[in-house]
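Notes follow once the structure below has been shown.
The values are calculated or read from the model by the stated rules, or taken from the named source; none is laboratory data. Remember, predicted model here, so these are calculated numbers, not experimental data. Glycine gets a Cβ as well: all are built from the backbone with ideal geometry, and neighbour counts include every protein chain shown.
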Amino acid sequence: MNGEFIEALDQIEKEKGISKDILIDAIEAALISGYKRNYGSAQNVKVYINRDSGEVKVYSLKDVVEKAENELLEISLDEAKEIDRNYEIGDVVEKEVTPKNFGRIAAQTAKQVVVQRIREAERGIIYDQFINRESEIVTGIVQRISKGNVFINLGKTEAILAPGEQMPEEEYKHNDRIKTYIIEVKKTTKGPQILVSRTHPGLVKRLFELEVPEIHDGVVEIRSISREAGSRTKIAVYSKDPNVDPVGACVGHKGTRVQAIVDELRGEKIDIIKWSENPEEFIASALSPSKVVRVEVKEDEKSALVVVPDYQLSLAIGKEGQNARLAAKLTSWKIDIKSETQYKEAVAHGKSNE
């Protein structure tokens, strides 16, 4: 190695932010292994790289003892004093043993170490960049699909959209541009692994934050979300400002804001509901688009009986119970739905039993 190599390390330090001293320390450590591997040496050695010239020297290290039993690792006190009379038992004698052709091995090893350290540093930068973006949206391009996993190019790295995080019946094609939600960033030996989702309720929340300035500014708050990805989402919103209609803000002029989110979610239906601290009001709104005649709550059980018009019963329950299920999840209340006829019959039956 030479001065040009040291200059290259200085350049790497400036551009990549990797300390030159750390690189040289790593190269010295690697050269010790390289020396032992190439020269079959069992002795203790140290490698020293001159920080200015790049010159590499190998030194054998021997402990000073009264009488040497292992000449590879020890030197007698008498022999040591022949080198320097100041040596005492317990000291370490260093003797240069640099092989003639060691420069070639040194250059090769140094290159491998530097490349590896640059790669590790770049992975570290990517990890640091994305670990702070968990629970955020990223936009990427579908790169490839393998064993059901969709790999999404995010620029300097890629994200994995696992089968369980993919929306039902959504097709992913090469070069498709899609938004995903970062659920986890892991550190692995091959670099950071970024796991993303298209089914997480957080994706809907972040999409609303992007589309609705009032949410981004904190005037309108998203209080809860319940989602069955690819089919339907319910979102409860609240405004701190009495002059701002939270539902209207999310819907947008002629429905443009919510439509942009529906389009991104490939047609998933979205019910936007006004949050209320009054449970009767909130539960009635949560069962939208169904009309509600009456809500009876049991605070201690956190359960509610909801009465709807006869013709609205199937709408309130929803296909395969979806509307009722999402409303219960949105409000965190157990909801029992009855038609007006069922309710009157239950009341009449209750009175006849008295």
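Details
- Yes/no for LYS36 being free of Cβ contacts under 8 Å to residues at least 12 places away in the same chain, under 25 Å from LYS100 (Cβ atoms), of a type in the set (Lys, Arg) and assigned by TED's automatic domain parsing to the domain that holds GLU122: yes
- Selection status of ARG177, buried (at least 20 other Cβ atoms within 10 Å of the Cβ) and either modelled with pLDDT of 95 or more or in the same structural domain as GLY148 (by TED's automatic domain parsing) (or both): no
- Cβ-Cβ contacts under 9 Å between residues 6 or more apart (or on different chains), taken from a first residue in segment 83-99 that is in contact (Cβ under 8 Å) with a residue 40 or more places away in the chain to a second residue that is assigned to a loop (DSSP other than H, G, I, E, B) and surrounded by 10 or more Cβ atoms within 10 Å (Cβ to Cβ), are listed as VAL97/SER41; VAL97/GLN43.
- In segment 229-258, the residues that are surrounded by 19 or more Cβ atoms within 10 Å (Cβ to Cβ) and either on the phi > 0 side of the Ramachandran plot or under 26 Å from the mean Cα position of the chain (by Cα) (or both): ALA229, THR233, LYS234, ILE235
- Test for ALA29: is it under 13 Å from VAL114 (Cα atoms) and assigned by TED's automatic domain parsing to the domain that holds GLU122: yes
- Residues (among the acidic types (Asp, Glu), assigned to a helix (DSSP H, G or I) and without any contact (Cβ under 8 Å) to a residue 24 or more places away in the chain) located in segment 189-223: GLU209
- Residue in segment 271-279 that is more than 34 Å from the chain's Cα centre (by Cα) and either buried (at least 21 other Cβ atoms within 10 Å of the Cβ) or in contact (Cβ under 8 Å) with a residue 40 or more places away in the chain (or both) present: yes
- Residue in segment 300-354 that is farthest from SER285 (Cα to Cα), counting only those that are in contact with a helix residue (DSSP H, G or I) (Cβ under 9 Å, 6 or more places away or on another chain) and among the small types (Gly, Ala, Ser): SER339
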